[in-house]
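The values are calculated or read from the model by the stated rules, or taken from the named source; none is laboratory data. Please read these numbers as outputs of a predicted model, since none were measured by experiment. Cβ: placed from backbone, ideal geometry, glycine included. Neighbour counts: every protein chain shown.
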C-alpha cells in the first residue's frame, strides 16, 4: 500500500472523524454528565459549556459508602489477579515445556474453561457458597473470577514462554541451576512483559465484572459495578451519580488502553492474533 | 532439548497440577452440580419441599416449551445482527486506520476504549441515550429528520437497541484484530496485483480478503462465543422485555432461577446451553489448529 493521494487522505480523515464522533459520544456523555448540574442533565440542545459541579461525586462518597465498594472491587480484583497470575504462569510454563502429543489438548481444555457462560454456573456457586458460608465475601468473588483469569493467564503466558529460547535454560542447567531456579532466575524475568499483560487483563476483567458480583454479594462485599447499577433501581434515577460512578469505574480500562495497547490484540484474542 | 524435558518432567507436572485441580474444583464441579440440579425439583423459595428426582422432566419442559426456544432464537438473531455489522464495520474501519497517514495511531487508540468498559456501564450509558422522552439519541435523530423511536419500550426496536450497544462496544475488537493482521501481510502479492492492473476492489477481494480469512474466522468465533453469553447489557437496558422480545438464553436462565426460583428448570436450560456453546468452542479450536498448521 502506498501513501494515499491528498484527495484520498481527505476522504479517509472525513470518514474517521465521523466514526470517532459516533464512537466517542457515549464516553463524552459519561464524563460531561458526571459534572453536569441535574436540572440541565437532559437539556436540549445539550449544553457543551455549563457550570461544572462536583456534587455528584460528593454525593457518591457521602450519601453512599462508594469508597467501600471501590475498596471491595480493588480487594477482589487484586486478590484474583495475584492468585491467577501465580498459578497460571506455573501451569503455562509446564505446558510450554512439556513435549507430549496430548499437551495441546490440555491447553485447549484449560482455555475452554473460560468460555462457558457464567449464568450456567451461577446457581451452583450460589448454593455452594451459601452452604460453606462464603456468600457476600470477597473470597467468593476471588475464587469465581480466578476460574476465568487462570485460563487467560495460562494461554497468554504460554505464548511468552514459547518465545524464550530453551538454549538459555539449557545453559543455566549446565551451570548447575535446578529447574525451579532456572525458571525463577532466567525464564520468568525474560517473560516479564507477559506477567504484566496477564495481570492487567485479570485486573480489568475482575474490576468490570457484574453478573457474579450481583448474585454472590450483598451489602458487605458489594463491588462498584453493582453499586452503580443500584442507583438506577431506586425510585428516582440518579443519573449524575450513575455517571460519576461510571467514570470512576472506567478509569483503569482507559489507562490500560492508553499505555499498553500493543498487547491488547494478543490478550483479547487469547493469542490467536499476534 | 530432550535433556531438560526428561529430567524435569515431574517438576513440570507439579507446576501444572494445581491449575488442573483448581479448574476442576471451581468449574467442572459447579457444572456437575448444575447437572445434578437439572434432574431435581429444586425450588429455592420453598425449602421444605423435598428435592425429589424428577428424571428428564425439566429437560422435557425446557425443550418443549415456547419460551426456551424463543430465547434460543432471540440469542441467535442478536448474534447474527451484531456479528455481521461488526465484521463489515470492523474491517472497513481497519482499512481506514491502516492507511499511511498521520494521526492513525491516536485514532486507533481512541477507538479501543469502548472494549475496556464494563458492560454494565455500557448498558447504563446507552440507557441514558435511549431513555424514553429524555434520551439524547432521539434528539440527535430529529436533527436529521428521523424518529422518534421508542428504543427500549417497543418490541420492534428493543433487540436492535441492544444490538447497537453491543456493536458500539465490540466493533473496535474486530477493527483491532483486522488492523493487526493487515499490517503483517506481505507486500508482494499487492505489487503483482497492481502490475496486472486490477481495480482497488479487485485487489481487496482477491488478495487482501483471502489472506485475512483465518484471522476473521477466529475473531468471529470469539465474538459468537461472547454473543451467546450476553447478559449485562440486556439486564440493564430491558431485563428481557418488552414482552420477552429481548429475552436471550442467559436472561431465560436467570428468570427461571431467580424470579420463579425454579432452580431445576434453570439448571436444565443451563446444561442445554453448555452443550450448544461446547459446539461453538470446539469449532473455534479446530479453526485455530488449522490456522497454526497452515503457518507451519
| If residue A:55 satisfies every condition in (1) within 11 Å of chain B (Cβ to nearest Cβ); (2) farther than 21 Å from residue A:219 by Cα; (3) touching a residue at least 24 places away in the same chain (Cβ under 8 Å) but one, which is the exception? | (1)
| task | For residue B:123, state whether it is surrounded by 23 or more Cβ atoms within 10 Å (Cβ to Cβ), touching a residue at least 40 places away in the same chain (Cβ under 8 Å), at the interface with chain A (Cβ under 9 Å from one of its Cβ atoms) and within 24 Å of the chain's Cα centre (by Cα). | result | yes
| From the residues in region A:90-115 that are touching a residue at least 40 places away in the same chain (Cβ under 8 Å) and within 7 Å of another protein chain (Cβ to nearest Cβ), which one is farthest from residue B:22 (Cα to Cα)? | A:97
| query | For region B:126-164, how many residues meet the condition of being more than 8 Å from every other protein chain (Cβ to nearest Cβ) and part of a helix (DSSP H, G or I)? | reply | 14
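Quick check on region A:149-160. Is at least one of its residues facing chain B (nearest Cβ under 7 Å) and either under 24 Å from residue B:256 (Cα atoms) or modelled with pLDDT of 90 or more (or both)? Even if it seems obvious, please write down each step before you answer.
Quick first cut of region A:149-160, residues facing chain B (nearest Cβ under 7 Å) only: A:150, A:154.
Checking which are either under 24 Å from residue B:256 (Cα atoms) or modelled with pLDDT of 90 or more (or both) leaves us with A:150, A:154.
The answer is yes, given that some residue of region A:149-160 is facing chain B (nearest Cβ under 7 Å) and either under 24 Å from residue B:256 (Cα atoms) or modelled with pLDDT of 90 or more (or both).
Yes/no per residue for (1) crowded, with 19+ Cβ neighbours inside 10 Å; (2) at pLDDT 90 or above:
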position	(1), (2)
A:174	no, no
A:182	yes, no
A:189	no, yes
A:200	yes, yes
A:206	yes, yes
A:226	yes, yes
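Give B:179, B:161 a once-over and let me know the one that is under 29 Å from residue A:43 (Cβ atoms) and in contact (Cβ under 8 Å) with a residue 12 or more places away in the chain.
Values: B:179 fails: under 29 Å from residue A:43 (Cβ atoms).
Within the list B:179, B:161, the selection yields B:161.
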| field | Residue satisfying condition, being modelled with pLDDT under 95 and not assigned by TED's automatic domain parsing to the domain that holds residue A:240, within set A:116, A:50, A:61 | value | A:50
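How about region A:169-270: which helices (runs of 4 or more DSSP H) wholly inside it have at least 3 residues that are within 29 Å of residue B:253 (Cα to Cα)? Steps first, answer last, please.
Details: elements: A:179-182, A:192-208, A:211-216, A:224-233, A:239-260, A:264-268.
Ranges flagged: A:192-208, A:211-216, A:224-233, A:239-260.
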| Test: residue B:192 is modelled with pLDDT under 85, loosely packed, with under 15 Cβ neighbours inside 10 Å and either in contact with a strand residue (DSSP E or B) (Cβ under 6 Å, 6 or more places away or on another chain) or farther than 20 Å from residue A:269 by Cα (or both) | yes
| message | Looking at region A:5-28, can you tell me whether even one residue there is in a loop (DSSP other than H, G, I, E, B), at pLDDT below 95 and more than 10 Å from chain B (Cβ to nearest Cβ)? | response | yes
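From B:80, B:94, grab the single residue that is modelled with pLDDT of 85 or more, surrounded by fewer than 16 Cβ atoms within 10 Å (Cβ to Cβ) and either within 14 Å of chain A (Cβ to nearest Cβ) or closer than 30 Å to residue A:110 by Cα (or both).
Sole residue among the options that is modelled with pLDDT of 85 or more, surrounded by fewer than 16 Cβ atoms within 10 Å (Cβ to Cβ) and either within 14 Å of chain A (Cβ to nearest Cβ) or closer than 30 Å to residue A:110 by Cα (or both): B:80.
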| remark: All-but-one check, residue B:101 against (1) within 14 Å of chain A (Cβ to nearest Cβ); (2) in a helix (DSSP H, G or I); (3) more than 25 Å from the chain's Cα centre (by Cα); (4) surrounded by fewer than 18 Cβ atoms within 10 Å (Cβ to Cβ), failing number (2)
| remark: Flagged pairs (Cβ under 8 angstrom, 6 or more apart or on separate chains; first in region A:75-89, assigned by TED's automatic domain parsing to the domain that holds residue A:199; second buried (at least 21 other Cβ atoms within 10 Å of the Cβ) and not in a helix (DSSP H, G or I)) are A:76/A:221; A:76/A:223; A:89/A:191
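Residues checked against (1) surrounded by 13 or more Cβ atoms within 10 Å (Cβ to Cβ); (2) without any contact (Cβ under 8 Å) to a residue 24 or more places away in the chain:
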{"position": "B:13", "(1), (2)": "no, yes"}
{"position": "B:20", "(1), (2)": "yes, yes"}
{"position": "B:23", "(1), (2)": "yes, yes"}
{"position": "B:31", "(1), (2)": "yes, no"}
{"position": "B:38", "(1), (2)": "yes, no"}
{"position": "B:41", "(1), (2)": "yes, no"}
{"position": "B:64", "(1), (2)": "no, yes"}
{"position": "B:75", "(1), (2)": "yes, no"}
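Only helices (runs of 4 or more DSSP H) wholly contained in region B:207-288 count here; list those with 3 or more residues that are facing chain A (nearest Cβ under 7 Å).
Working: elements: B:209-229, B:232-237, B:249-254.
Correct list: B:209-229, B:249-254.
Within region A:188-200, does at least one residue satisfy the condition of being in the same structural domain as residue A:117 (by TED's automatic domain parsing), closer than 29 Å to residue B:131 by Cα and in contact with a helix residue (DSSP H, G or I) (Cβ under 8 Å, 6 or more places away or on another chain)?
Going residue by residue through region A:188-200, those that are in the same structural domain as residue A:117 (by TED's automatic domain parsing) are A:188-200.
Checking the rest, the ones that are also closer than 29 Å to residue B:131 by Cα come to none.
No, that holds for no residue.
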| query | Can we say residue B:77 is out of contact with any strand residue (DSSP E or B) (no Cβ under 8 Å at 6 or more places or on another chain), over 30 Å from residue A:88 (Cβ atoms) and assigned to a loop (DSSP other than H, G, I, E, B)? | reply | no
| task | Pull up region B:186-203, narrow it to residues that are part of a helix (DSSP H, G or I) and more than 11 Å from chain A (Cβ to nearest Cβ), then point me to the one that is farthest from residue B:276 (Cα to Cα). | result | B:195
